[in-house]
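The values are calculated or read from the model by the stated rules, or taken from the named source; none is laboratory data. On a predicted model such as this, the values are computed, not experimentally measured, just so you know. Glycine gets a Cβ as well: all are built from the backbone with ideal geometry, and neighbour counts include every protein chain shown. What goes into the accessible areas is simple: the full protein's heavy atoms, side chains included, and nothing from ligands, DNA or RNA. Shrake-Rupley method; radii C 1.70, N 1.55, O 1.52, S 1.80 Å.
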Amino acid sequence: MDNTASQTEPVIEANEPNSPSDFIRDAIKQDLAEGRFNHVHTRFPPEPNAYLHIGHAKAVWIDYGIAKEFGGKFNLRFDDTNPTREDQEFVDAILEDVKWLGADWEENLYFASDYFDQMYEWAVDLIKKGKAYVCDLSPEELSKTRGTLTSPGIESPYRDRSVEENLDLFARMKAGEFPDGARTLRAKIDMTSPNIVMRDPFMYRIRHTDHHRQGDKWCIYPSYDWAHGLEDSIEGVTHSLCSLEYEIHRPLYDWFLEELGIYHPRQIEFARLKLPYTVMSKRRFIELVNDNHVDGYDDPRMPTLAGLRRRGYTPEAIAEFCRRIGIAKSDSTIEWHLLEDCVREDLNKRAQRVMAVMNPIKVVITNYPEGQSEMVDAINNPENADAGTRKVPFSRELYLEQDDFREVPPPKFFRLTPGREVRLRYGYFIKCNEVIKDENGEIVELHCTYDPETRGGNAPDGRKVKATLHWVSAEHALEAEVRLYEHLFVKEDPDDVPEGKDYIYNLNPESKTITKCWIEPSVADTVPGDRYQFERLGYFCVDKSSTSQHLIFNRTVALRDSWAKIEKAK
RNA sequence: UGCCGGAUAGCUCAAUUGGCAGAGCGCCUGACUCUGAAUCAGGAGGUUCUAGGUUCAAGCCCUAGUCUGGCAGCCA
C-alpha cells in the first residue's frame, strides 16, 4: 500500500536548534527518512462529552506542535460516535478551549459523524470478505463469552452466519428493525487472542438515539476501535498520536486498516499527564459540579482549561508547561510547582503591577499634613518599559501588610519594626516611632514619620534601607474581594482513602478562601480577565463575576517568597 | 498465573551505529536590586531497578527476576 499517495506536501524537517527531541519526533523523522510518509499530518480527536482539561492541553500541544514543527497539517476532529453522551454544548466549549490554547486548525475542522456513510460501506466490505458478522448475543452473554485476562474466550454461535444473512441482518440493524442491544456487528478475528481487544470486538451497536449532528438518520453507531482508524485514514492523517491506554488497541487499529486495504496512518502512544491533588476524569468532573463541590466546570480550582483560564493562567504558560514536561512512555506525575512556575514566568513579563494590601495594619504618618494627599509615580511593569507609569495617591493614613511589621523582629527580619526606617514603594522613607495598642494588647495602628526629602523613594543623602514595602492610601483605596485557592484535595492521590470512603472524602475543605483586600484606585475600571501582579503578593486575575461596584480577584499564584521559607525553616 | 508498556539526579526528561551519564525545574551559596520578586553567577546532587551474561567497552544487546502502569463497557 502506498502511504504517501494521498497528499504531496513538501517535506520539512524539524531541524531548528531548539526543537525538542523525543521518541515520537524521532519516529516521525525516521518515517520521513525511510519514505513511509512524505509529510506530517496530525489530529486532536476529542469526544464532545466533557470539558477539556490540562491533560488535553498536553495532547493538543503534541499534535499541533509536531504538525507545526514539521510544516505539516493539524486537524481538529470531534470523535462524536456515541450520541448518548455527547452534546453541542461540549463542541462549543472545546472549540473555545482549543482556540484559546492557540492551536490553529485553520479550515481543518471535522466530525467523525460526517463519515458514518463511508464507515457503513466499509463495514459491508468487511462482511463480504467474511471478516465481520452480526452477533445476537446480549451484552451479558457477550461479556461472559469474552473470557478473562488469563483464559481465552469462546466463539459466538452466530459467528459463522453466511455473508448473505449477515448483509441482510446488518441492513436491518441500520433500518431500525431491532431494539437497542439486540445485535451487534463484530469483527471476526480470534476469540483466543491473548489480547482481549482482538477477541471479535464489536464494530456497531444499536442505539435508537438522535445524534447531535445527524439527527435521527442513524440508529447504529460505530465503536471507537472500528471508527478511529477510519477517521484517521479518511483525513489522510500520518501520525495518530494518542495516550498509552490505546497501546493495546493498536493491533486492532492496524487490523481494520489492513483488512480494508485503505490508507494506513501510524498510531503512536504517549503517557498521559497526571497531576497530584486533583482528579482528571470526566465522570468526576461531573460529580464535583453536580454535587456542588465546586462552582462549575470553570471553577478556578478545577484542572479544566476553563478553570485554569478563570484562575488567570495564560495559554502561553500552558504551552510552556507542555514543552517542559516533554513526551515519554513512562507514567509520571508532574508537580503543580512546574505549572505555577510557568505562569509566574509568563505573567512576570506581562502583568501590570499594582499595590494591594490583604491583611491591613493602619499607619498614621504623624508629620504628614492632615487632609493632604498627593499623587506619586509608579512603574507599571519593570520588565517592560513600554508599559509606562501611573499615579498612585499617598496620604497621611495608610494601610500596610501586617506581615511587614514586627514589634519584636526575629533574626533576618528587615521590614518595619519600631525605630527602623524602611521605604514605601514609590513613596517615602518612613520610620516607626510608636505602636498603638488597644486594651487587649492588640496592635491597632502604628505611628510613623516620613522624610519629605525621600519623595519617590530615594534619599538625597544616599542612605539605604533594607526593605521596600507596598502600601495603599486608606482614604483612596478600593475594597475588593479576593479568592485564594489551594489544592482541591488534601491527598496527592485523591483515591488514597480509608475503607468504605471514596475520593470525595479527600476534598480539601480549605481549597477556597474568600477574603478582602484594599487596592489602589487605578484598577477601578478593570474588567474580567485582566491580570495583575499585586506587588510582593502574587498574580491575580479579575473574576468573570467582578463588577466595578464589587471587584473580585482570583489569585492565580503567589510570588516566590524566600522570607516565608526562612521563617518556615525555623 | 495472560498480553502490551515502563524503571536514568528530588521532579520531568536526554544520552548518534554500544564509546568519559547530561539538561531544565527544584535545592544551597554569592552578586545585583525601590518587589525578600525578577535577573545573573557558582555549587551540591547518580550503585542508570536487581542478579548474571556477551564485549576492549553496556544506560543501550542477551537471560532471569523485582517493582510499576494499562487492558476483561454494546465508553473513548
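Just a few scattered comments:
- Solvent exposure ordering (accessible area, 1.4 Å, most first) of A:SER143, A:SER548: A:SER548, A:SER143
- Multiplying the residue separation of A:LYS501 and A:THR366 by 0.36 nm and removing their Cα-Cα distance gives an extension gain of 42.7 nm.
- Mean residue ellipticity, 222 nm, helices only, chain A: the sum of -39500 (n - 2.57) across DSSP H runs of n ≥ 4, divided by residue count and rounded to 500, is -8000 deg cm²/dmol.
- With each label modelled as a point 7 angstrom along the Cα→C-beta vector, the A:ASP160-A:LYS99 pair spans 5.8 nm.
- For A:LYS431, the shell of other residues with beta-carbons less than 9 Å away shows a net charge of -1, using +1 for Lys and Arg and -1 for Asp and Glu.
- In loop segments of the stretch A:471-552 as defined by DSSP, the trypsin sites (Lys or Arg not before Pro) with at most 16 further C-beta atoms inside 10 Å of their C-beta are A:LYS491, A:LYS501, A:LYS544.
- Two-site FRET efficiency, A:ARG85 against A:GLU383, from Cβ-Cβ distance with R₀ of 45 Å, rounded to 0.05: 0.50
- In chain A, the portion of solvent-accessible area held by carbon and sulfur atoms comes to 47 percent [1.4 Å probe, whole percent, DNA, RNA and ligands not counted].
- Chain A - charge dipole about Cα centre, Lys and Arg +1 at Cβ, Asp and Glu -1, debye rounded to 20: 1380
- Per-q log10 I(q)/I(0), chain A, q = 0.08 Å⁻¹ (Debye; single scatterer per alpha-carbon; no solvent): -0.69
- Dipole moment magnitude, nearest 20 debye, the stretch A:253-396 about Cα centre, only Lys, Arg, Asp, Glu C-beta charged: 360
- In terms of its C-alpha gyration tensor, the stretch A:489-570 has an oblate overall shape, because the principal axis ratio a/c (a ≥ b ≥ c, square roots of the eigenvalues) is not below 1.5 and a/b does not outweigh b/c.
- Among the listed pairs A:LYS362/A:LYS466; A:LYS129/A:LYS282; A:LYS491/A:LYS565, those whose Cα-Cα separation exceeds 31 Å are A:LYS129/A:LYS282.
- FRET efficiency, 1/(1 + (r/R0)^6) with R0 41 Å, evaluated for A:GLU335 and A:HIS447 via beta carbons: 0.35
- The stretch A:260-339 and the stretch A:478-515 have Cα centres lying 18 Å from one another.
- C-alpha center-to-center spacing [the stretch A:74-126, the stretch A:543-566] in angstrom: 38
- Charge dipole (chain A, unit charges on Cβ, about Cα centre) - positive-most of A:TRP61, A:SER162, A:SER143: A:TRP61
- The residues neighbouring A:PHE74, those whose beta-carbon lies less than 12 Å from its own, together hold a net charge of -2 under the Lys/Arg +1, Asp/Glu -1 convention.
- Rg over Rh for the stretch A:294-395 works out to 1.15, using Cα positions for both radii and the Kirkwood form for Rh.
- Ratio Rg/Rh [Cα only; Rh per Kirkwood] for the stretch A:94-136: 1.30
- Protein-only accessible surface order, largest first, of A:ASP190, A:ASP525, A:ASP114 at 1.4 Å: A:ASP525, A:ASP114, A:ASP190
- Per residue, the solvent-accessible area of chain A (1.4 Å probe, heavy atoms of protein chains only, all protein chains present) comes to 45 Å².
- For chain A, the share of DSSP beta bridges that are antiparallel, to the nearest 5, is 70%.
- Set of the stretch A:355-386 residues, backbone N closer than 17 Å to the point 7 Å along the Cα-Cβ line of A:ASN440: A:360-362
- Shape of the stretch A:418-562, Cα gyration tensor, a/c cut at 1.5: prolate
- Reachable lysines from A:LYS570, criterion Cα separation under 21 angstrom, eight or more residues apart if same chain: A:LYS412
- Stokes-Einstein D in µm²/s, Kirkwood radius over Cα pairs - the stretch A:150-272 at 37 °C with 0.692 mPa s viscosity: 205
- Exceeding the 30 Å Cα-Cα cut-off - candidates A:LYS68/A:LYS188; A:LYS68/A:LYS544; A:LYS464/A:LYS516; A:LYS58/A:LYS544: A:LYS68/A:LYS188; A:LYS68/A:LYS544; A:LYS464/A:LYS516
- For the stretch A:130-211, the spherically averaged projection of the C-alpha convex hull amounts to 5.4 nm².
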